[in-house]
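Presented below is the structure to which this report refers.
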Amino acid sequence: MSVHGIQVTINGRRHDASVEGRLLLSDFLRMHCGYTGVHVGCEHGVCGACTVVVDGAAVRACLMLAVQADGAAVTTVEGLAGADGGLHPVQQALRDEFGLQCGFCTPGIVMTLAALTSGTGPPGADSLLAALSGHVCRCTGYQGIRRAAQKLGGGTQGEPA
Amino acid sequence: MKPAPFDYIAPATIEEACAQLAEAGGGATILAGGQTLMPLLALRMSQPFILVDINRIAALRGVTRSEGYTRIGPVTRQNEAIADSTLAKSLPLLVTATRHVGHHQTRNRGTIGGSIALGEPAAELPATAVALGASVEARSVRGSRRIAAADLYLGPYMTALAQDELVVSIQFPDWPSGTVNVFREVAMRPGDFALVGLTGAVAVKDGHIERAGLAWFGMGPTPIKARQAEQALVGQPVAGLDFDKLAGLAVADTDPFDDHHATAAYRRTVGRRVFARALSEALQVHQ
Ligand code: FES
Ligand code: FES
């Protein structure tokens, strides 16, 4: 069993740690660094609740080892709101469209949509909607989440497909 | 669930990785994108002593063109391949197939080579490699060898790769101009493994089929080449092809199974329809 020194920038803050090779990134973020907004549902890549942004890309934190994030910049849901506590546009859209109920799946969905809308141009509602296939929500029936994604993609609200 | 303990190493070069695989004597598992392996580790269906992470090997990434073929580094991420301008031109079928692999979030980590080297029978990329006549270059301290995709898959998750071998590139040969691509997948939801899938290419010259490479996924223990249908196609004029008969031949080569998603009979029935429709639609441009 190997132990590794790693250095990860999380939400703009540098974290130095010593981790076992087998430690999942999701557990590192939650238990070692206190970012409990990273929700762990299935812990084997199915539900999407643990989604975080690693070097600009939305990935499942339970499918990466902490040691693999050595040198990377990670953003969790805690890193999105403005310094004044103002909601990120993705959070605002989900709130406006009733895109959450219990909120368990929400941080993952927020991170996927935040990564895809962080570029310069509009991402297009289609790609946002397609990326939602990577998330399971047991509460909402998805329509509110879809409306939020459509709004963020600059699309019309339209009929639910 | 947490993975069982292992030693983790992340070599920086191919040579280092091969040396470590040789030294491990079969006790090591290679970690590429991890989108299949990490769940297997979490469920403790896989418990290696040593995990060799190849993500830090720069030489294993990227797409290059050579005379007659396209070479893909195995650690090229699936979403990188989808966005790659070279692949869009030289291998549009691979791009289409990769769009069907998992979800946006898993494609950000998942790799082309990881999927091809793993050999999941219902996966899109192994079948596409078989259909197009691709090959992998396997490297070990013993040397280097090229394995045709058609010879790579022995059973579910079983390949001809030895335990000390690392896939260092995947080569896709060019197909003639006038090639049309065929891709059709039936799954419960987007991102799920296929219940029935067909992928491949047909080259047409002067109104006749010059070459055909078609393979099934989700229709047996490995990707399965539709050999009888390929043979029946070659040399035929495109006008007047009997798609139903060809579909029958194509399904005759499959070996589907019953599972909790679908029965073998369902897969055969759907396979016939998928084949007839996908092929006739693809060939419409030449009719
Ligand atoms: S907890 Fe990571 S995908 Fe479910
Ligand atoms: S809001 Fe409860 S799981 Fe999505």
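The values are calculated or read from the model by the stated rules, or taken from the named source; none is laboratory data. Only a predicted model underlies this, so the values are computations on that prediction, with no experimental measurement involved. Every residue, glycine among them, receives a Cβ derived from its backbone with ideal geometry; neighbour counts consider all protein chains shown. Side chains included, ligands, DNA and RNA excluded: accessible areas come from the protein's heavy atoms. Shrake-Rupley method; radii C 1.70, N 1.55, O 1.52, S 1.80 Å.
I want to confirm something. Restricting to region A:30-80 and keeping residues that are under 13 Å from the mean Cα position of the chain (by Cα) and free of Cβ contacts under 8 Å to residues at least 12 places away in the same chain, which single residue is farthest from ligand 2 (Cβ to nearest atom)? Applying the filter and picking the extreme gives A:V59.
Can you spot a residue in region A:60-70 that is open to solvent by 40 Å² or more (accessible area, probe 1.4 Å) and either closer than 19 Å to A:A131 by Cβ or not in a loop (DSSP other than H, G, I, E, B) (or both)? Full working, then the answer.
The first filter runs over region A:60-70 and keeps only residues open to solvent by 40 Å² or more (accessible area, probe 1.4 Å), leaving A:70.
Okay, now just the ones that are also either closer than 19 Å to A:A131 by Cβ or not in a loop (DSSP other than H, G, I, E, B) (or both), so none.
No, region A:60-70 contains no residue that is open to solvent by 40 Å² or more (accessible area, probe 1.4 Å) and either closer than 19 Å to A:A131 by Cβ or not in a loop (DSSP other than H, G, I, E, B) (or both).
Quick check: anything in region A:104-115 more than 16 Å from ligand 2 (Cβ to nearest atom) and without any contact (Cβ under 8 Å) to a residue 60 or more places away in the chain? Looking through region A:104-115, none of the residues is more than 16 Å from ligand 2 (Cβ to nearest atom) and without any contact (Cβ under 8 Å) to a residue 60 or more places away in the chain. Among the conditions (1) in contact with an Asp or Glu (Cβ under 6 Å, 6 or more places away or on another chain); (2) surrounded by fewer than 24 Cβ atoms within 10 Å (Cβ to Cβ); (3) more than 14 Å from chain A (Cβ to nearest Cβ), B:V101 misses just one, which is (3).
Taking first residues from region A:4-23 that are in contact (Cβ under 8 Å) with a residue 24 or more places away in the chain and more than 14 Å from chain B (Cβ to nearest Cβ) and partners that are open to solvent by 70 Å² or more (accessible area, probe 1.4 Å) and part of a strand (DSSP E or B), the Cβ contacts under 9 Å between residues at least 6 apart in sequence or on separate chains come to A:Q7/A:R14; A:Q7/A:D16; A:V8/A:R14; A:V8/A:D16; A:A17/A:Q7.
As a summary of the residue check, B:T159 satisfies the conditions (1) in contact with an Asp or Glu (Cβ under 9 Å, 6 or more places away or on another chain); (2) surrounded by fewer than 23 Cβ atoms within 10 Å (Cβ to Cβ) except for the one numbered (1).
Take A:V53 and decide whether it is open to solvent by less than 10 Å² (accessible area, probe 1.4 Å) and either away from ligand 1 (no atom under 15 Å from the Cβ) or at pLDDT 95 or above (or both). Judged against the criteria, A:V53 is not a match. Here B:G34 fulfils each of the conditions (1) touching a residue at least 40 places away in the same chain (Cβ under 8 Å); (2) at negative phi apart from (2).
For the condition open to solvent by 40 Å² or more (accessible area, probe 1.4 Å) and without any contact (Cβ under 8 Å) to a residue 40 or more places away in the chain, B:A150 does not qualify. Where helices (runs of 4 or more DSSP H) fall entirely within region A:83-138, those with at least 1 residues that are small (G, A, S) and within 16 Å of ligand 1 (Cβ to nearest atom) are at A:106-116, A:125-131. Screening the candidates B:D174, B:D242 for the property of being surrounded by fewer than 16 Cβ atoms within 10 Å (Cβ to Cβ), farther than 28 Å from B:T159 by Cα and modelled with pLDDT of 95 or more yields one hit, B:D242.
Would you mind finding the one in B:A122, B:A129, B:A162 that is without any contact (Cβ under 8 Å) to a residue 40 or more places away in the chain and either under 27 Å from A:A130 (Cβ atoms) or more than 15 Å from the chain's Cα centre (by Cα) (or both)? Break it down into steps so the answer makes sense when it comes.
Values: B:A122 fails: without any contact (Cβ under 8 Å) to a residue 40 or more places away in the chain; B:A129 fails: without any contact (Cβ under 8 Å) to a residue 40 or more places away in the chain.
Answer to the check: B:A162.
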